[in-house]
1. Which trypsin sites (Lys or Arg not before Pro) in region 1-91 sit in a loop by DSSP (not H, G, I, E or B) and have at most 14 other Cβ atoms within 10 Å of their own Cβ?
2. For Arg76 and Ala227 in one chain, what is 0.36 nm times their gap in residues minus the Cα-Cα distance, to one decimal in nm?
3. Using the crude model of +1 on Lys and Arg Cβ and -1 on Asp and Glu Cβ, and no other charge, please compute the dipole size for region 161-230 relative to its Cα centre, in debye to 20.
4. Any chance you could list the semi-axes, whole Å, largest first, of the equivalent ellipsoid that the Cα gyration tensor gives for region 1-122, using √(5λ)?
5. Is the C-alpha gyration tensor of region 103-213 telling us rounded, prolate or oblate? Criteria: a/c under 1.5 is rounded; beyond that, a/b larger than b/c is prolate, otherwise oblate.
6. Report the charge-dipole magnitude of region 71-230 in Debye, nearest 20, computed about the Cα centre from +1 at each Lys and Arg Cβ and -1 at each Asp and Glu Cβ.
7. If you line up the Cα atoms of region 170-230 on their principal axes, what length do they span on each, largest first, in Å?
8. Taking 0.36 nm per intervening residue step and subtracting the Cα-Cα distance, what contour gain separates Arg215 from Gln32 on full extension?
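Nothing in this text is a laboratory measurement; each read-out follows from the coordinates by a stated rule. The structure displayed is predicted, hence computed values, not measured ones. Ideal geometry is used to build each Cβ from the backbone, glycine not excepted, and the neighbour counts take in all protein chains shown.
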Amino acid sequence: MNERPIAYLQDVTKVYGSGRNTVAALRGINLQIDPADFLAVVGPSGSGKSTLLHILGCMDIPTTGSIEIDGEPVPRENERKRTQLRGEKIGFVFQAFHLLNELSVRENIELPRMFLRRNDGKKLPTAEELIEKVHMPLAVLDRRPTEISGGERQRVAIARALSNNPSMLLCDEPTGNLDSANSTAVMGIFDSLNHAGATIVVVTHNPEVAAHAARTVSLKDGRIVGAVGA
Ligand SMILES: Nc1ncnc2c1ncn2[C@@H]1O[C@H](COP(=O)(O)OP(=O)(O)OP(=O)(O)O)[C@@H](O)[C@H]1O
Ligand SMILES: [Mg+2]
């Protein structure tokens, strides 16, 4: 008990644009994500789900309010420090995989840490360990993303997201481009990662996907309008 939260958001708002064209994407979000949490974020299109995920991932900053990751305030002014925090603490999984087709699966998996100068001395997992974590055979490491299926690509993208040993995995519609069998396989991987202690946030429109999470928050018009689960 008394563990430090992985993420802590207080009164977070996000306003895009200026003048007459402003959009209030988030309107006062309070949210705590604890170690080994598995959280689904649901809500209609435009309700602020991706905006929230980008702020959790230090890819964007709140207009007002504050956010801490692993007890460290995410700095508003210092973009270099934010990039460093993101590289060390965050793994991101996108709907459209975003793998580089010119590189092998191994190179894709190892890419994120080539840009990372870690100073916390944590040992990073090997490509072999990562590919096992996403339930794939080692032979896949030598293939290119164009030589594997969509479901396999998303599993490789998850392995890449784990490459930096992140504190939190953030996933924006990770099954949005997958059929139901592949969605089930990908969600099974999130389940086993979470059982092994990973902290996961999944944005989804799909209730079957949300059902894998231990708790769900619902967004509407930039506000949390419901919370279910632990
Ligand atoms: N870069 C941006 N500039 C201006 N407005 C934006 C920007 N990004 C998002 N918005 C607006 O902010 C609101 C929230 O957008 P967001 O992308 O967070 O919604 P979402 O819940 O992820 O929707 P979807 O389910 O369609 O992905 C929307 O009204 C959107 O049009
Ligand atoms: Mg979105």
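1. On the way: sites: Lys14, Arg20, Arg27, Lys49, Arg76, Arg80, Lys81, Arg82, Arg86, Lys89; in loops: Arg76.
Counting only loop positions with at most 14 other Cβ atoms within 10 Å, the trypsin sites (Lys or Arg not before Pro) in region 1-91 are Arg76.
2. On the way: separation 151, 0.36 × 151 = 54.36 nm, distance 2.82 nm.
Using 0.36 nm per residue and subtracting the Cα-Cα distance, I get 51.5 nm.
3. 260 debye
4. Working: eigenvalues 134, 78, 48 Å².
Calculated on Cα positions only, the semi-axes equal 26, 20, 16 Å.
5. On the way: a/c = 1.94, a/b = 1.24, b/c = 1.57.
Note, shape of region 103-213 comes out oblate.
6. Working: 21 positive and 20 negative charges, 127 e Å.
In total the dipole reaches around 620 debye.
7. Ordered largest first, region 170-230 gives principal extents of 31, 26, 17 Å.
8. On the way: separation 183, 0.36 × 183 = 65.88 nm, distance 1.19 nm.
So the chain would gain 64.7 nm between Arg215 and Gln32.
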